[in-house]
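Structure first, then comments.
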Amino acid sequence: MSGRSKLLCAFLFSLLAAGMFIGGFCAEAAEPVVKIGFLGPITGSDAAEGAAARNAFMLAISEANKSGEFPFKIEVKEVDDQSTENVAVAGAQEIVSESDIVAASGFWNSGPAAASIPVFKEAEIPLLIWGAIRESLTNAENVPYITRSAPTDKQENIPLAVKVLDEMGYKDWFIVSDVGSYGDGNFNAFKAELAARNITPMGEERVPEDTTDLNAVVQKIKASGAKAVYCGSTVAIGSQLKRQLFEGGVTGILYCGISGMKTEDFLKIGAESAEGTLVVSPGVILEDTTEGNNFIKLYNSQGYSEPIGAFTPYAYEAALILINSLRACGEKPTAEAMTKAILSGKTTGIMGTTTFNSIGQTENVAAYLNVVQDGAWIPLEKSEYKEGGKRAFGGK
Amino acid sequence: MDMFFGLAVSAILLGCTYTLVAIGFSLFFGVMDVVVFCCGDIAIFGSFAIMGAYVASQSAGLFGILPFWVCVILLILIGAVFCAAWGLITHQFSIKPFRNSSELMPLLSTIAMGTVIKEVLGLLFKPAVNTISTAFGGESAVTVVSGRNPQGFPPLLLPGGTTNARYLIIIAITAAILLLLFLFLNKTKMGMSMQAISQNKELSLMTGINVSRVIIITFLIGGVMLAISGFLVGSYQKLMSFDDGAMYGAKGFSAAVVGGLRNTWGAVVGGMLLAFVEVFVSGYIPRGTAYSSIMAFVVVVIFIVFKPDGIIGDKSVEKV
C-alpha cells in the first residue's frame, strides 16, 4: 500500500469513527418520545368539523410540549378516517401498531367509532372519544378502554326538546334523519322526547346518507302541514334539506337539528336558505368564560383556515384530558397506566371539569342552542331570535 | 294534486340529470361496445372544473368585462375541455389497450379510471372558497380544507331568478341538448358514421369509415355532454361532493340499460323512468326515501330479466 493510499485509508477511518461518535452522541441525546393517536374526518363530507378538531387537538399537544413540563416529547400520530368505517378501522390498526403509543383520541362519526372500538380494545390501548355521540359507544363492556368526553345523542337532544317542545310549544312535527348510526341515534332520541310529551309526528322520513335530492321529502313535508321540521343528521343531509325546503317555498316553519349540522359547510347553502336554522351544540358558550375566551384567542392566533366548530373545543378538551393523564403516569407512561389514569382522572379545562362515570361516559354535560342569523352561527341567547327579539322562528 | 305535481317536477329535474349521463353511456357503448363506467365521475369533474374556472375568472375580473351569459358559456366550455380530455385519456389508457382482451377488462379499467378521476378531484381541487361563498349573497367567509369537502356550486343559472325559472331552464337545456344531438346523429355525416359503427363495425370499416377518428370524436362529444350534465347537476344540487360521480354513474348506466343501451332516446326514457320511480316511491310510501334507490334498481333488474334490450332498444339477433 502506497503512502498516499495509507493516508486516504486513515482519513476514511477517522471519518467513519467521527461519524459513529457523533451518531452515538445523538442517539444518547435523543429526546424520549410518547405517542398518542388522533382520528377524525380531516377530509370528506364532515371535514369542516374534523379538520378544526385536529387543529385544536394538535394545538393543546404543542402547548404541552412547549411548556417543558414533561420529560418526553408528546408526538401525535394523525389519521384521517374520512367519516368512513373501513378507513377508520385501517387507521385504528395503524395507530395501535405504532410503538410507544399509549393512548388515542378520536372520532366525530359514530359509525367509524363503533367499527374501530374492537381494534383498540383488542390492543388494550385506551381510546377517548372526542366527538361521536351515539349513546351505545360507551358501555360496561367497553370500559375501561373506551371513554368519551363528548355528550351522547340523548344528552344532546334533551335541551333541544325542552326548548322547542316545552318552551316554544311546537306540536306539529315532521322528523327526518339519515339511515346511518348517527341519524338512527338522533331519530330515536328525538322521537322518544316527542313520545314523552304525547306528540305523534305528522310524518317521518329516513334517507340514505348519500342522498342529494330531497325534493320528494320536501313535498311530503309540505303535504303533511307540519309546522316544525327536525333533522337528525349531519351537514350533508341537513344543509341540502334546508336549502331544498327554502327553494320549495317551505319557509314559514321551524327547522331545527343536532350539532352535526353546526359547521361552516352548512352556511354554503347561502344566507337566505340557512336563515333561522336552530341547532343544539354541546358544551358551553366559550365567549362567556375566561378559559373559553383564552382558547378562542389562542386558536385564532394560529392562522388556521378552519374556524372553530361545535366539537372543536371537545377535541381540545380531549387533548387536555390525555395530557393530564400523562401527568399522572409519571416519567414512563404506558397504555395500561393511561387507561387507569383517564378513567379515574379529573380534568378542568375550557368546558368545565370532566370526570367519567362507571361506563366511561363524561359526567360533564352541557349544551346550548345556536341559530343561523345573516349567514353566521350565533348562540340563540345572543341572537335576534331570542325570546322577545327582533326576529321570530316560523311556524308559530 | 299539489304534491303529485311537485313530485312530477322533481322527477323531471332528476331525470334530466340522469339522462345526460345515460346518453354518455349510450354514445360510448354504441360506438365501441364498451361500458365506460367513469361517465358519472367525468360529469362531476366537469362541474368541479366549472367551479374552479369560475373562481379564476372572478379573480381575473372576467365577469366585469364580458356579459354574464358569455362568461357562463365560456365556463361550460372550459368544463367541456376537461371532460373531453378525461374522455380521451379514458379511451387511450383504459379502453384501447384492452381492445383485444375480454370485454370485462375495459369495464374494470374504466371503473378504475373513475376512482382516479375522483381522487384527483379530492386531492387537487382547492378553490378560493371565500369567493364562492360570497357569490351566494355575502355571508361570512367559509374556508374549505380540500376538494374532499362539499363545495358550493356558483349561481350561474339565472342568478337572482326564481327557483321555478331555474328549473325550467334546466329542463329547456336538456331538451335543447337532446335536439342538437338528434340533429347531429341524423343529419351530419359524422353522426351517421357513428350510427353505422354502432350498428355494424365491420361493415362500417369496409365502407371506408375512419373508425378511430369517429371514436375520438365520440369521446369529444360525450365529454361536452357530460360537462353540460355536470353543470346542470351543480346548478340543481348546489352543493357538490367529489365522490358524487359514482352515484350518477350507477344511475346513468341503469337508465341507459333500462332504455336500451345503444339508443340515445332509450337513455332519455330510462333516465326519466328511474327518476319517476325514485321520486314517487320516496313521495308516496311512508319512509320511502330509504328504499327509493333500491326500488329504482329493482326496476333495472326486472328489465334485465324480462326485456334485456331495454324499452326502445334494438333486438340483438346473433346469426350462426
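Please treat every number below as a calculation from the coordinates, not as lab data. Keep in mind that what you see is a predicted model, and the values were worked out from it rather than measured. Positions of Cβ are backbone-derived with ideal geometry, glycine not excepted, and every protein chain shown enters the neighbour counts.
Within region A:130-238, count lysine pairs with alpha carbon atoms under 19 angstrom apart where the residues are 8 or more positions apart or belong to different chains.
Lysine pairs satisfying the spacing and distance rule in region A:130-238 number 11.
Whose amide H sits under 5 Å from the amide H of A:Gly180, counting only residues 5 or more places off or on another chain, with H placed in the peptide plane?
Excluding prolines and chain starts, which carry no amide H, the hits are A:Glu209.
Under 1.5 on a/c is rounded, so check that first for the protein assembly as shown, then, if it is not, pick prolate when a/b is larger than b/c and oblate when it is not; a ≥ b ≥ c are the square roots of the alpha carbon gyration tensor eigenvalues.
oblate
In terms of the Cα gyration tensor, with a ≥ b ≥ c the square roots of its eigenvalues, is region B:1-118 rounded because a/c is under 1.5, prolate because a/b exceeds b/c, or oblate?
oblate
Looking only at the protein assembly as shown, where both bridge partners belong to it, what percent of the DSSP beta bridges are antiparallel (to the nearest 5)?
So the antiparallel bridges amount to about 30 percent of the total.
I'd like the Karplus ³J(HN,Hα) series for region A:217-225: coefficients 6.51, -1.76, 1.60, θ = phi - 60°, whole numbers in Hz, and an x wherever there's a Gly or Pro.
Result, ordered by residue: 5, 4, 4, 5, 5, 4, 5, 6, x Hz.
Under the rule of at least 5 residues apart or a separate chain, name every residue whose amide H is placed under 5 Å from the amide H of A:Glu78.
So A:Glu78 has HN proximity to A:Phe38.
Of the listed peptides A:223-234, B:35-46, B:97-108, what is their order by residue-averaged count of other C-beta atoms within 10 Å, with the highest listed first?
Result, highest mean Cβ count within 10 Å first: B:35-46, A:223-234, B:97-108.
Calculate, in nm to one decimal, what B:Ala56 and B:Tyr284 gain on full extension: separation in residues at 0.36 nm each, minus their alpha carbon distance.
Extra length available between B:Ala56 and B:Tyr284 comes to 77.7 nm.
Ordered by residue, what ³J(HN,Hα) values in Hz, to whole numbers, does region A:134-146 give under the Karplus form 6.51 cos²θ - 1.76 cosθ + 1.60, where θ = phi - 60° and Gly and Pro are x?
Running phi through 6.51 cos²θ - 1.76 cosθ + 1.60 with θ = phi - 60° gives 4, 4, 6, 5, 9, 7, 4, 6, 8, 6, x, 6, 10 Hz.
Arranged by the count of other C-beta atoms within 10 angstrom, fewest first, what order do A:Glu247, A:Glu287, A:Glu85 take?
A:Glu287, A:Glu85, A:Glu247
Enter the mean number of other protein chain beta carbons within 10 Å of the beta carbon of each residue in A:217-226, as an integer.
Per-residue shielding by partner chains comes out at 4.
Apply the Karplus parameterisation 6.51 cos²θ - 1.76 cosθ + 1.60, with θ equal to phi minus 60°, to every residue of region B:97-111 and state each ³J(HN,Hα) to the nearest whole Hz, in sequence, with x for glycine and proline.
My calculation for region B:97-111 gives x, 10, 4, 9, 8, 4, 5, 6, 4, x, 4, 5, 5, 6, 5 Hz in order.
Which far-off residues, 5 or more places away or on another chain, put their amide H under 5 Å from the one on A:Gly257, with H placed in the peptide plane?
Result for A:Gly257 returns A:Cys231, A:Leu278, A:Val279, A:Val280.
Order of B:86-92, A:373-379 by packing, highest average Cβ count within 10 Å first?
Ranked from most to least packed, the peptides come out as B:86-92, A:373-379.
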